[in-house]
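The block underneath contains the structure these notes are about, expressed in structure tokens.
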Amino acid sequence: MSVIILENMEFHSYHGCLEHEKILGNTFLVTLHIHLDTAVADITDNLNDTINYQLIYNEVKSQMEVPSLLIENVSERILQALILKFDQISGLKIKLSKLNPPLGAKVHAVSIEKEFIK
């Protein structure tokens with residue numbers, strides 16, 4: 001079993017409850033830990049024997065482009081989309097962070113983590 005990690009994919013998206021977040025957007029980071037069996041790819045060196053992380057990125061990007069009020073909703077949509085689209089995934093952990101959230105004080109990020117295990 002292996003874990004492929006896509007770290008800190010950065011997106012400018014329009015998620016949030018406040019009106020200015022819907023208009024101006026914010027910076028978000030997404031990190032995925034994808035659990036899968038890479039035993040065949042380890043030997044064949046063939047992309048068809050593993051998961052194509054360009055396709056993973058494209059799906060995350062697509063989900064990040066859909067505005068939501070809550071990062072809970074965005075992270076769940078990403079999780080479900082990846083599980084449904086890529087049957088090689090045996091486990092998946094996502095961390096979604098909103099940088100500089102508008103909390104009235106200096107806060108680097110607010111994040112949510114979710115995990116799926118087949």
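Structural remarks
- Under a model in which nothing but the beta-carbon of Lys, Arg (+1) and Asp, Glu (-1) is charged, the chain shows a dipole of about 400 debye around its Cα centre.
- Here's how it looks for A109: its modeled amide H is under 5 Å from those of N100, which are all 5 or more places away or on a different chain.
- With respect to the chain, whose longest principal axis is taken over its alpha-carbon atoms, helix 53-64 is tilted by about 30°.
- Shown for K118, K61: other C-beta atoms within 10 Å of each C-beta, ranked fewest to most, produce the order K118, K61.
- The share of C-alpha pairs in the chain whose separation exceeds 19 Å stands at 47 percent.
- Principal-axis tilt of helix 71-85 within the chain, Cα atoms, nearest 10 degrees: 20 degrees
- Projecting the Cα atoms of L92, I117, I78 onto the charge dipole of the stretch 30-118, computed from C-beta unit charges around the Cα centre, puts I78 farthest toward the positive end.
- Of Y57, V3, A39, farthest towards positive along the dipole that unit charges on Lys, Arg, Asp, Glu beta carbons give the chain: Y57
- HN-Hα J in Hz across the stretch 16-28 - Karplus 6.51, -1.76, 1.60, θ = phi - 60°, x for Gly and Pro: x, 8, 7, 4, 5, 5, 6, 8, 8, x, 7, 9, 10
- Cα→Cβ-extended label distance, 7 Å offset, between E19 and N48, nm: 5.5 nm
Just so you know, all these numbers are worked out from the coordinates, no wet-lab data involved. Everything quoted here is computed from the prediction, not taken from an experiment. Counting neighbours? That spans all protein chains shown, and the Cβs are built from the backbone with ideal geometry, glycine included.
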